[in-house]
Amino acid sequence: MEKSNKKTELGRKGEGLAARFLVKQGFRIIQKNWRYKRKEIDIIAEDDHFLVIAEVKTRTADYGVLPGEMVNRKKQKYLVEAADAY
């Protein structure tokens with residue numbers, strides 16, 4: 001399998017795990033891989049009080065970086081723009 005196919009497969013697996021986690025927490029999955037122009041939101045979910053915009057980062061190893069640090073300012077801005085469009 002090509003490297004990019006493995007990366008895509010790993011990403012989809014991580015998104016599936018994240019979606020199942022949200023469902024177990026009482027959220028309903030509204031959309032997966034929602035696109036607006038060139039922007040994408042991995043998971044959009046809701047419960048009675050919150051709308052969740054989830055960016056899923058799946059890794060095969062611990063790189064000594066916390067998961068929240070993997071979403072830099074540029075990516076945060078990108079997600080806010082996509083969420084506003086949603």
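The values are calculated or read from the model by the stated rules, or taken from the named source; none is laboratory data. Keep in mind it's a predicted model, so treat the numbers as computed, not measured. Cβ: placed from backbone, ideal geometry, glycine included. Neighbour counts: every protein chain shown. SASA here: full protein model, heavy atoms, side chains in, ligands and nucleic acids out. Shrake-Rupley method; radii C 1.70, N 1.55, O 1.52, S 1.80 Å.
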Using a 10 angstrom cutoff on alpha carbons, build the Gaussian network for the chain and name the most mobile of Ala19, Ala61, Ala45.
Ala61
Report, to the nearest whole %, how much of the accessible area of the chain belongs to carbon and sulfur atoms, 1.4 Å probe, protein only.
51
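What value, in deg cm²/dmol to 500, does the helix sum -39500 (n - 2.57) over DSSP H runs of n ≥ 4 give at 222 nm once divided by the residues of the chain?
One gets -13500 deg cm²/dmol as the mean residue ellipticity at 222 nm.
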Run the dipole for the chain about the Cα centre, Lys and Arg Cβ at +1, Asp and Glu Cβ at -1, nothing else charged, and hand back the magnitude in debye, nearest 20.
420
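Taking trypsin sites (Lys or Arg not before Pro) as exposed when DSSP calls them loop (any state but H, G, I, E, B) and at most 10 other Cβ atoms lie within 10 Å, what is the longest stretch of the chain free of them, the sites themselves excluded? Walk me through the numbers on the way to the answer.
Numbers: sites that count: Lys37, Arg38.
The longest such stretch corresponds to 39-86.
Grab the eigenvalues of the alpha-carbon gyration tensor for region 8-86, scale each by 5, take roots, and send me the semi-axes largest first in whole angstrom. Spell out each step's value before the answer.
Values: eigenvalues 75, 59, 30 Å².
Equivalent-ellipsoid dimensions as semi-axes: 19, 17, 12 Å.
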For the chain, accessible area per residue (1.4 Å probe, heavy atoms of protein chains only), Å²:
79
In Hz, Karplus ³J(HN,Hα) per residue of region 15-29 (6.51, -1.76, 1.60; θ = phi - 60°; x = Gly, Pro)
5, x, 5, 5, 5, 4, 4, 4, 4, 5, 7, x, 8, 9, 7
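Restricting to Cα pairs below 8 Å that are 6+ residues apart, what does the relative contact order work out to for the chain? Please round to a whole percent. Can you show the working numbers first?
Working: 86 pairs, mean separation 20.7, N = 86.
Reported as a whole number, the value is 24 percent.
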Taking a crude spin-label model, label points 7 Å out from Cα along the C-beta direction, the Glu46 to Gln25 distance in nm is 1.7
